[in-house]
Amino acid sequence: GVRVLDKQISRPRESRAIAIHARALEMFHQLGIADEFLELGSRLDGMLLHTPRRRPMRVRLDRIDSPYPFVLTLRQDETQRILDQHLQDLGVEIERGSRVLDVIEDGESAELKVARGGERSEETVRADWVVGCDGAHSIVRRHLGVQFDGEDYGQDWLMAEVDVDWPLRSDHFHVFSYTAAPLVAFPLPPERWRVFLPQVPNRSGERPPPDMAEIERLVAQRGPAGMRLTDPSLLATFRCYKRATRTVRRGRLLIAGDAAHIHTPAGGQGMNTGLLDAFNLGWKLALVTRGQSPPALLDTYEAERVPIAAGVLSLTHALVRTFTIASPRKRWLRDRVLPTAMAMPTVERRYTARLSQLSHNYRGGPLGAGEPGPSRERIIAGDRLPNVSGLQRAGKSLCTLDLLRSSKHTLLVLTGNRADAAGRAADAIARLARWDDLLEIIPMDGPGRSSDPRSVTDPGLRAHRRYGTLHGQLLLVRPDGYLGCRAPLHRPDVPERYMQQLTSAPGQHAGIRGEGSVVRPPAVLAG
């Protein structure tokens, strides 16, 4: 079981994170809740960069390799509401008004002292695992005893949610870089805008509380002529930091999201990175708490996600530095070089894949099997499994993400176009059937070749081509949608070895470090 403790008495109405990128939407698809987000959010097909000397530069997101080729904007309180309801549907109630005061970890379990109902009462909670999702000032991180290394940008930003009286395209977000201090505007449903801009200290060096008059003055300086903001529903300031810890697990304590890494809101990366931290950790923690994997499996969470966080910090830092250049000469150079570079399809493709988090991968990680390097047609262990649409099962159209909704690993048995593929596929399925408590096996056949009711048809062999095989292949996909391993049909020993690695006794596999005994009471998520 799982207990979720939230120090907030009710769901916060103030909304900070608003951008949901393609990789997070793919995760929501696997969870079966993506449509709820799409119904409420606004789809943005790209970014428009406005500079003094050129037409706006467009960066397109509608060409990224995803069924969600856009960034979705939605107020954070709506995102939380959908996720809260999903938890309730799974039988988990959020225990609101529960603030963690202290954490004690003894190697076998963890004990939390929890204040209830505004400090009126205290409870001691004992759990096998504690995951701190408790933000930048994380008490769980403090008890991990690790450094939160980084820097303070020394810059406060203003944030406002307003109506905008100016003909901005509402299917893009906008960056106005007319001066050393940018103005960023994101459309929000319904017909509202979220505006961000650096705050300027007053003459005494103080940064006063935000007010509409100051925001209007700054917009007049940094935005297009005639742009007016009205009807504010949110005015706030925030300080930008760049910090991360290199350790996200110690004993029975783990951290995720802002507790492990914080950065500027540039690129809308923060909430997305935290969500995907949880997606990586969740399936591993489930295997461990059920006694199906050794606790050492949780070491792979750190090995995989800490480098991802470092990459996100590098991206957000570069974006801030690019759009806050003080030197007029360097801004002049940027305004000429950047549009030329982004006009190159390869550059735009790499940037948007990174922004949408589709390029994140776990190649060379502790769970990957040794394989040849990737090619243009080939994916390898640790890569996100690209989505392919147009699949068929029982007359219903499917895509690859629809096949990954199980909480188990998924074995895709691609039979290709070889005459002997059916027999080899049947042998592989029979050998791996003993893992059925951990493994969902799905045959994928070409047109007219299937006799298995579980089978999915790949009519034009599009999925086979996308995954780099026409002659049959075994693709073992993790619950978070990344490839665990791949092998020819006649090598079922490769996915079998992967499953043995997941479930091996401590120390039996080089990929996972041994540790302790397995215990099975609840995990606690503290926020």
Problem - 222 nm mean residue ellipticity, helices alone, for the chain (DSSP H n ≥ 4; -39,500 (n - 2.57); rounded to 500) - result: -8500 deg cm²/dmol
Exercise for the section: Obtain the nm distance between the two label points defined at D35 and T322 by a simple spin-label model: each point lies 7 Å from its Cα along the Cα-to-C-beta direction. Expected result: 3.7 nm
Problem - Degrees between helix 22-31 axis and first principal axis of the chain (Cα, 0 to 90, nearest 10) - result: 50 degrees
Exercise for the section: Just report the Cα centroid separation between the range 73-113 and the range 229-244, whole Å. Expected result: 25 Å
Exercise for the section: Determine which residues of the range 112-135 fall in the zone a paramagnetic label at D102 would reach in this model, i.e. backbone nitrogen under 17 Å from the point 7 Å along Cα→Cβ. Expected result: 112-116, 119-127
Exercise for the section: Would you mind checking the tilt of helix 212-222 against the longest principal axis of the Cα atoms of the chain, expressed as 0 to 90 degrees and rounded to 10? Expected result: 80 degrees
Fill in the blank from the handout: Over all pairs of different Cα atoms in the chain, the reciprocal of the mean inverse distance gives a Kirkwood radius in Å of 25.0 Å
Practice task
Using only Cα atoms, tell me the angle between helix 270-289 and the longest principal axis of the chain; keep it within 0 to 90° and round to the nearest 10.
Solution key: 30 degrees
Completion exercise
By the C-alpha gyration tensor axes a ≥ b ≥ c (rounded if a/c is under 1.5, else prolate when a/b exceeds b/c, else oblate), the shape of the range 70-119 is prolate
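Bear in mind that the values in this text are calculations on the coordinates, not laboratory data. Given the structure is predicted, the values throughout are model-derived calculations rather than measurements. Note that each Cβ is placed from the backbone with ideal geometry, even for glycine, and that neighbours are counted across all protein chains shown.
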